[in-house]
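Participant: Dumping the structure here so I can ask a few things about it.
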Amino acid sequence: MAFNISAISGYIDENSYDLISKAILETDLSPYFNVRPGLESKQVDIPVMENDFVVQDGDSCGFTASGDTTFSQINMKISNLKVNMEFCPQTLRDTFLSKAMSSGALQESLSFEELLATDLVSRLQKKNEEIICQGYGSNNGIEDIITTGNGAVTIGKSTWTSSNAIEKATDMYLAMTGDTQMRDDLVLIVSPATFKTIKVALVEQNLYHFTPQMTGSDGTQRLFIPGIDVEVAATSGLSNANKKYLGSRRDLYMGTSLTSDFEQFRLFYDQGEDTIKGMFRWRLGVAVNNINGWVYEA
């Protein structure tokens, strides 16, 4: 019995928005960013407001205004991205597709289009994770934004092991300047290898029971370092496994569109060429505010 590949277009058209949204918004790092949708131009300025809070002597009457409200802007560059792919249905049927088919003639357990879409979303998520960290083309990711002479504190390179990882993370925390250290949304961005090292360190030092690893509503692992209350976020997007970045989540911004026809997730069967073609377009950019409040080891 031949597999019905004509169903691909209908399935993808119906779920296109959900699929492209998942590829952009469900990377490992995206939950830690302030997401700004609806950004259509290649370069946008995100407004940021800060207020002075000046306490005055209240022993006397009268009213004297004090303190300023300051509006500033964070410049974000948006990359227009696309992937064009082509598949031979027969080749796919003879390889990994067979794993999704039942032993009988009727294939009802998993449709071809769902399997292919799931695999491609996973690949797009991994690529977006890399773009968030490393940027794309001339547009920088958080690595270059934080480290390129913008006032962030740098500490010496070192090897993190299970015996010193907690101490090293604490050193980064103590190196923070300004009031960033007092915020309750601090995040330490590390590679998966360093994330595992920190987990082992918590167990070896009998600290895991104070702030146990938790699972968020999105299913992602959440790990906190006790004492300094820093959440550890693992990402495969770092260009080097030894790089580490510590700062406040409220300073991280991610821009996308998700409101126009420009962002698409399409799979369709080209009857003339007897191939399945994939066309994926999306927009993505990142920015970091208050860079002098960040600490990094790179």
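The values are calculated or read from the model by the stated rules, or taken from the named source; none is laboratory data. The model shown is predicted, which means the values in this text are computed figures rather than measured ones. Heads up, the Cβs are rebuilt from the backbone with ideal geometry, glycines too, and the neighbour counts pull from every protein chain shown.
Participant: Would it be correct to say that LYS168 is in contact with a Ser or Thr (Cβ under 9 Å, 6 or more places away or on another chain), assigned by TED's automatic domain parsing to the domain that holds LEU202, at pLDDT 75 or above and of a type in the set (D, E, K, R)?
Facilitator: yes
Participant: OK, next. Would you point out the residue of segment 252-273, among those that are out of contact with any helix residue (DSSP H, G or I) (no Cβ under 7 Å at 6 or more places or on another chain) and of a type outside the set (Gly, Ala, Ser), that is surrounded by the most Cβ atoms within 10 Å (Cβ to Cβ)?
Facilitator: TYR253
Participant: Within segment 1-77, considering only strands (runs of 3 or more DSSP E) that don't extend past its boundaries, which have at least 3 residues that are modelled with pLDDT under 75?
Facilitator: 43-51
Participant: Residues of segment 168-183 being surrounded by fewer than 14 Cβ atoms within 10 Å (Cβ to Cβ) and charged (D, E, K, R), which ones?
Facilitator: ASP179, the sole residue that qualifies.
Participant: Inspect all residues belonging to segment 275-292 and state whether any of them is surrounded by fewer than 16 Cβ atoms within 10 Å (Cβ to Cβ), of a type in the set (Phe, Trp, Tyr) and under 22 Å from GLU40 (Cβ atoms).
Facilitator: No, there is no match, as no residue in segment 275-292 is surrounded by fewer than 16 Cβ atoms within 10 Å (Cβ to Cβ), of a type in the set (Phe, Trp, Tyr) and under 22 Å from GLU40 (Cβ atoms).
Participant: Looking at (1) surrounded by 14 or more Cβ atoms within 10 Å (Cβ to Cβ); (2) under 30 Å from CYS88 (Cα atoms), find the lone condition where TRP160 falls short.
Facilitator: The number of the failed condition is (2).
Participant: Separate question: How about segment 123-147: which of its residues are of a type in the set (Asp, Glu) and free of Cβ contacts under 8 Å to residues at least 40 places away in the same chain?
Facilitator: ASP144
Participant: Sticking with this one: Based on this model, can you work out whether ALA233 counts as in the same structural domain as TRP160 (by TED's automatic domain parsing), under 21 Å from TYR173 (Cα atoms), in a strand (DSSP E or B) and modelled with pLDDT of 90 or more?
Facilitator: yes
Participant: Could you go through segment 97-118 and let me know if any residue there is touching a Gly at 6+ places or on another chain (Cβ under 7 Å) and either modelled with pLDDT of 80 or more or part of a strand (DSSP E or B) (or both).
Facilitator: Scanning segment 97-118 turns up no residue that is touching a Gly at 6+ places or on another chain (Cβ under 7 Å) and either modelled with pLDDT of 80 or more or part of a strand (DSSP E or B) (or both).
Participant: Continuing with this model, one more query. Of all residues in segment 188-207 being surrounded by fewer than 17 Cβ atoms within 10 Å (Cβ to Cβ) and outside any helix (DSSP H, G or I), which is modelled with the lowest pLDDT?
Facilitator: Filtering segment 188-207 for residues that are surrounded by fewer than 17 Cβ atoms within 10 Å (Cβ to Cβ) and outside any helix (DSSP H, G or I), the one modelled with the lowest pLDDT comes out as LEU207.
Participant: Give, as residue ranges, the strands (runs of 3 or more DSSP E) completely inside segment 244-296 that count at least 2 residues that are more than 25 Å from TYR32 (Cα to Cα).
Facilitator: Where strands (runs of 3 or more DSSP E) fall fully within segment 244-296 and carry at least 2 residues being more than 25 Å from TYR32 (Cα to Cα), they are 264-270, 275-288.
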